[in-house]
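See below for the structure under consideration.
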Amino acid sequence: MMQCTDIHDRYLMRLITKKSFLYTEMVTTGAIIHGNATHQLDFNKSIESPVALQLGGSNPDELAKCSEIAESMGYDEINLNLGCPSERVQKGSFGACLMIEPKLVQRCLNAMKQSVSIPVTAKCRTGIDKIEDYDFLKSFVEGIANQNIATIIIHARNAILKGLSPRQNRTIPLLKYDYVYRIKEDFPELEIIINGGIDSLIEAKDHLQKVDGVMLGRAPYDNPMMLENVDKEIFGEPQKRISRLDILKEYLNYLEGLDDPKIRLNQVLKHIYGLNKGLKNARKYRYEINQIMKEGNLSGSFERLSSYLA
Ligand SMILES: Cc1cc2nc3c(=O)[nH]c(=O)nc-3n(C[C@H](O)[C@H](O)[C@H](O)COP(=O)(O)O)c2cc1C
């Protein structure tokens, strides 16, 4: 998620779950090739893996080149964004608007696939604008599957390109989980991951009766502790509990250890807003974080924040 799932947020998430597959924010091919997004590619394999790099683009050669770079950096998967509806992305002719250009999507995925040996996957919507019929999605998925792409993540809503903001595009179009389930029935050999509006592990488990995986976006970003039981409940691993306080301490130690004068505290501290979700004094906790951001200094921050997480 843009501005959210950066290297630091992924560090935070790994304190809570070792097994969940993590995704970067979308990084455009232009930004990688012209070199102004190197920080978005930052990745600490030994700590974060498994992680997929999500690419945004529509030029097969550029996507292939960026895929090679991602593989050489140790990413575990490359995902092509076919679901972002933002105007900026539409102007660049990638993201969700590619759903009406299935042949181009196929060429892109094919070029990516040819250039690397790690898995290449796609993330799309159920449809675009007024195209609501299931057969559109089915034929789109079929075209992708024909490129030997084995995994498709489907955000179970249409993307509306004109008239809705990206934020509205994540709430207003109706959720169509049944379309995603039908895709799994029609393409049983594909790994189908469902996404959109899933807020709890209980809901996730229900979806797993029908599809192969569940992608969670806003819920764990807003409340990282919702993942505290995921390794046990979903992946069957022994339970390893870590308290909110230990997460806070480890995360702040990690940030201080980076000793990076360029680090933007407002970017890296917003990831812990959600750590106090469900506890008292949420506003005071947020206020204190904002103060630390303003002051630009992490020393003493654990003492200032810990009482809000106890
Ligand atoms: C702030 C924000 C940034 C996002 N950035 C991306 C992105 O870079 N790539 C992407 O595929 N989806 C992005 N999304 C969409 C989410 O990945 C997800 O598809 C959507 O929020 C629905 O899932 P959810 O209800 O679990 O959040 C973003 C969502 C938010 C809220």
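The values are calculated or read from the model by the stated rules, or taken from the named source; none is laboratory data. Because the structure is a prediction, the values reported are computed rather than measured. Positions of Cβ are generated from backbone atoms using ideal geometry, with glycine treated the same way; all protein chains shown enter the neighbour counts.
Surrounded by fewer than 18 Cβ atoms within 10 Å (Cβ to Cβ) and either charged (D, E, K, R) or not assigned by TED's automatic domain parsing to the domain that holds LEU80 (or both): is that true of LYS176 in this structure? I'd like the intermediate steps shown before the answer.
Working: surrounded by fewer than 18 Cβ atoms within 10 Å (Cβ to Cβ): no; either charged (D, E, K, R) or not assigned by TED's automatic domain parsing to the domain that holds LEU80 (or both): yes.
No.
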> Filter segment 198-237 for residues that are of a type in the set (Gly, Ala, Ser) and crowded, with 16+ Cβ neighbours inside 10 Å; which is farthest from ILE153 (Cα to Cα)?
Replying inline: ALA219
>> Out of the helices (runs of 4 or more DSSP H) lying entirely within segment 227-279, which hold 3 or more residues that are among the acidic types (Asp, Glu) and over 19 Å from the mean Cα position of the chain (by Cα)?
In response: 244-258
> Hey, among LEU41, LEU12, LEU22, which residue is touching a residue at least 60 places away in the same chain (Cβ under 8 Å), over 21 Å from ILE160 (Cα atoms) and within 18 Å of the chain's Cα centre (by Cα)?
Replying inline: LEU12
> Which of the strands (runs of 3 or more DSSP E) contained wholly in segment 1-101 include at least 2 residues that are more than 12 Å from the ligand (Cβ to nearest atom)?
Replying inline: 77-82
>> Quick test of your reading of the structure: ARG125 fulfils all but one of (1) modelled with pLDDT under 95; (2) touching a helix residue (DSSP H, G or I) at 6+ places or on another chain (Cβ under 8 Å); (3) within 13 Å of the ligand (Cβ to nearest atom); (4) not polar (S, T, N, Q). Name the failing condition by number.
In response: (1)
>> Contact list please: Cβ distance under 6 Å, first residue in segment 204-223 and near the ligand (Cβ under 8 Å from one of its atoms), second residue outside any helix (DSSP H, G or I) and of a type outside the set (A, V, I, L, M, F, W, C), pairs at least six apart or on different chains.
In response: MET215/ASN195; ALA219/ASP199
> For segment 285-310, what are the residues that are in contact with a helix residue (DSSP H, G or I) (Cβ under 9 Å, 6 or more places away or on another chain), surrounded by fewer than 19 Cβ atoms within 10 Å (Cβ to Cβ) and not in a loop (DSSP other than H, G, I, E, B)?
Replying inline: ARG286, GLU288, ASN290, GLN291, MET293, LYS294, GLU295, PHE302, ARG304, SER306
